[in-house]
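Presented below is the structure to which this report refers.
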Amino acid sequence: MKYTSTLIAFLLSINVLSASEKIDRYALVHRNNPHVSSVDSLSSLSVGNGHFAFTVDATGLQTFPDMYKNGVPLGTQSDWGWHSFANPEGYKPEETLKEFDFGKGHKEWYACQFKDGGRRQLAADWWRTNPHRLHLGIVGLELDDSVSASDLEQIDQTLDMWKGEIDSRFAVSGNKYRVRTVCHPSEDRIAATISSSTLVSLKLRFPYPTGAHADDACNWTSDDKHSTELIACDDHSAILKRVLDDTEYYVMLQWEGKGRIYEKQKNYFVLQSSEPTLSFTCSFSPFKEDVSVMTFGQVEKAAAEYWYAYWTKGGVVDFSQCTDPRAKELERRVVLSQYLTAIQCSGKMPPQETGLTYNSWFGKFHLEMVWWHKAHFALWGHPEMMKNTLDWYGDVEPIAREIARRQGYDGVRWMKMTDPSGREAPSNVGSFLIWQQPHLIYLAELLYRADPSDKYISQYNRLVQETARFMYSFATYDTEHDRYLLKGLIPAQETLKADKTINPPFELSYWHFAMTIAQQWRERAGMERVPEWDELIRKISPLAYNEDKLYLAAESATDTYQNIRFTSDHMAVLGAVGILPYNENQVNLDYMKNTLHWVWNKWSWNKTWGWDYPMTAMNAARLGEPDKAVGALLMDKRTNTYLVSGHNYQDGRLRIYLPGNGGLLTAVAMMCAGWDGCDGVNPGFPKDGRWNVRWEGLKPLP
C-alpha cells in the first residue's frame, strides 16, 4: 500500500501528539493492582515503607502462618530487628580467618567456612548464623481452632497500590469478613479495620528465631527460650515486652471500641472485642517509648498521602498503546516491581534478597546485590530511596577499612555477605567476591546525575576515593605485558575459583568504569587526578576471547565453551557492555554481539538467576538488538517467573528474589530513556510498530 507524504506526515503527527499526552498514572497503577481469589501460599501480599514490611494471607492479616511458611511467608520484619543466639563458647570473628597467597607479594586473610569439625568450624558456623533477622510477631484473626485456611470462602482480595492498602473480603463458618490493612509511611506500625457478622478477636503470637539459612524465621516449639510480658494495659491500649536472649523490643497495640487483652498461652495474646468490628494499630520498636495515639483512619490517611506522592512524583512507563501481546505482562511486572522495591528495599540498610518478607542467607544482605536493589531508584525519580544506603556505607567504613588492611590493601574493602555491623560473614565463596566493590561509586554517580549538587560531592567523595584506593591496590601490574590485571577473586559468575581466575570480563570493565568515575569526582571536588589511577585506566587488560571471537568467562578459563561450569550461573560477561557502558579499549562490539548470540542459544538458562534476564536485556539494548532485549525480560524460564504479587520467583528455597525486580526496573528505564551517547527514543524497544511505549520521569544510564 502506498501513502502520500501528506498522509505520512499526518500519521506521524498523531503519534507525536499521542506520545506527548500526560500518562494517566492512576489508571496505570489501578489496572495492575494484584487480585487474589483463592488461598495460595505464593499469593500473599504486603504493605510496608521500605524499612518495615508486613505480609498477609487471604484474610488481610497473618491468620494462617503455617499454611504460607513454604510459600511466600507472612513476615513482620524491620531494618532494626536482629537477634543473636548466645555465644557461651566465646567464638571470635578472627577464629574464622584463613590465610591465602594469591601471588601478589603478601598474604591475605579471609573469613571462611571450615569442615574439620573443630573449633574453627563451630566459630564460622556461629558467625555465619549470627546475627539473623527477626520475625517480630504474627498479627492475625483469632478464629476457632478447627478453622483452617482451606475453610475460607468467597475470597476477594485486592492490593490498592495507589493507596498502599489491602482490602480483603472472605467468609468462614457462615460469617462474612472485611479487613482493610495499611502501614504507616514512616513508623513501624500497621493498622487494620475488621468488620464481620460475628464478634471479632485478634491474636498476637511471637516465635523464637530458627537461625536457619532460609525460612520464615519462626520456631514455635521453643517458648521456654523467650518471653512476652504485658507491661502496660488500659481500656484501649497495651504494651508487650519481648525478650530473646540479649535482644529486647516492644509491641504497642492500640484499639478503638471495647475490648480486652489476655494471655492465651506463653507468647500468645488475644485481643477480644465485644463488637463485630475492630480497628487497631500495632507498632514495633526496639525502645520502650511513648507511641503517639493513632486511629486506623489516621494511618490510612498518612499511607494514602505517601503513596499518592510516590506515584505522582517518580517515573512511570505506560504500555497500554503497545500491540505486542507481551506488553501487558511487562507492564504488570514493572508497576508491581515499583511497589515492591519501595516497600522492601528503600530503607537505610541494604535489603536482603528476600527483602523484609522472610529470611534468606540467615536474614543477611549481600552487597553485590545492592546495585540491583537500589540503582533503579535514581533512574525512576526516587534518588532519596537510594541515598539511605550510601549513608550506611559511611557508618560501617571502619570495618571495611580493617578488612582491606588485614588483606594487605589500601582504602576500604566492602564485604559481600553482612549485617548491620558491616562485619564479613564467613563464606568460601562470598568472601572472595569483588564486584560489590565498585557499586558504591556507581550508585554515588547515579545519585549525582539525578541531582547534580555539590552536597553529594561533599557527602560521598571521601567514600568514593577510599573505595577507589582499594581498587587500585587490588589490581596487579603485569610487567611482562605492561598491563593491569585482576586475580585472586571469585567473579560474579561464581562457578570460577579464586586461586585460578585471572581477568574475569565484567570485573575488568567495572574497574575501568569505576576508576574513571572516581577521577571525575576528584575533579568535581577540586582535587588533582591521581596519575597512577590514570595509568591503570589506560592499561587495564582488555577482555579475553577465543578463536571463535567469543569472550571468555575469564582469561584463565580457556575452555569456557567446552566446560558446563563456565556456561551456567550468571552470564556476567554480558554485563561488561550493558550494566556498564561500552569501552572501546577493552571490548570489540562484534565479539560481544557474537557472545550474546551464543549465550542466547546455548546457555544453561535453567541455572540462572532473576537478574540475569535484565542484564541480558541491557546488553542486547546497547548492542542494537531490541528484539532480544524484550525477549530477555519476558523469557519463559522458572527464574524469570513473576507471581501475582509481582515477586520474582526462583525456586523452592527462594520464592521471592528482589534483585530480579530491581534489575527489571533498571533495564526498562534504560530501554526507554537510553544511555549516554545513544540516539532516538525508546532505543531498547523494537521499531516494528508494536511497541509504542510511553514514559515520564526516567533518566538514562551512563
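Rounded to the nearest 20, the size of the Cβ-charge dipole of the chain about its Cα centre is 740 debye, with Lys and Arg at +1 and Asp and Glu at -1. The residue 122 and residue 274 beta-carbon pair, evaluated with R₀ = 41 Å, returns a calculated FRET efficiency of approximately 0.15.
Taking the square roots of five times each eigenvalue of the Cα gyration tensor of segment 391-502, the equivalent ellipsoid has semi-axes of 25, 18, 13 Å, listed largest first.
May I ask you to order 115-124, 385-394, 430-439 by the average number of other C-beta atoms within 10 Å around their residues, highest value first?
On the way: 115-124: 14.1, 385-394: 19.8, 430-439: 24.5.
In descending order of packing, they fall as 430-439, 385-394, 115-124.
Between residue 223 and residue 528, the distance separating the two model label sites (each 7 Å from Cα on the Cα→Cβ line) works out to 7.1 nm.
For segment 576-702, report the % of Cα-Cα distances exceeding 21 Å. Tail of P(r) above 21 Å: 40 percent of Cα pairs. Relative to the 2.2 N^0.38 Å rule of thumb, segment 372-412 has a C-alpha radius of gyration ratio of 1.52. Along the axis of the charge dipole computed for segment 538-693 (Cβ charges of +1 for Lys and Arg, -1 for Asp and Glu, origin at the Cα centre), the listed residues 554, 673, 656 are led at the positive end by 656. Normalised Debye scattering of the chain at q = 0.05, 0.06, 0.08 Å⁻¹ gives log10 I(q)/I(0) of -0.25, -0.36, -0.64, counting only Cα atoms as equal scatterers and leaving out solvent. Stretched out straight at 0.36 nm per residue, the stretch from residue 546 to residue 481 would grow longer than its current Cα-Cα span by 21.5 nm.
Relative protection proxy for 337-348, 233-244, 483-494, from highest mean packing down: 337-348, 483-494, 233-244 (other beta-carbon atoms within 10 angstrom). Assuming charge only on the beta carbon of Lys and Arg (+1) and of Asp and Glu (-1), the dipole of segment 134-247 about its Cα centre is about 300 debye to the nearest 20. Taking each DSSP H run with n ≥ 4 as -39500 (n - 2.57) and averaging over every residue of the chain yields -9500 deg cm²/dmol at 222 nm.
Would you tally the net charge around residue 418, using a Cβ to Cβ cut-off of less than 10 Å, leaving residue 418 out, and scoring K and R as +1, D and E as -1? Charge balance in the 10 Å sphere: +1. Here residue 374 is the anchor, and the lysines within straight C-alpha reach of less than 17 Å, apart from those fewer than 8 places off in the same chain, are 348, 364, 387, 416, 699. The simple Förster model, with R0 at 22 Å and r as the Cβ-Cβ distance, assigns residue 69 and residue 147 a FRET efficiency of 0.80. On a C-alpha basis, how far is the centre of segment 219-258 from the centre of segment 414-487 in Å? Whole number, if you could? So the separation of the two Cα centres works out to 42 Å. Each peptide among 643-652, 473-482 gets the average number of other Cβ atoms lying within 10 Å of its residues, and from highest to lowest they stand as 643-652, 473-482.
Here the spin labels are modelled as points 7 Å beyond Cα on the Cα-Cβ line, and at residue 687 and residue 451 they lie 3.7 nm apart. Lys-Lys pairs in segment 532-643 that are eight or more residues apart or on separate chains and whose Cα atoms lie under 23 Å of each other come to 13. Put a dot 7 Å past the Cα of residue 395, heading toward its Cβ, do the same for residue 539, and the two dots end up 4.1 nm apart.
Laboratory data are not the source of any read-out in this text; all were calculated from the coordinates shown. Everything quoted here is computed from the prediction, not taken from an experiment. Virtual Cβ from ideal backbone geometry, glycine too; neighbours counted across all protein chains shown.
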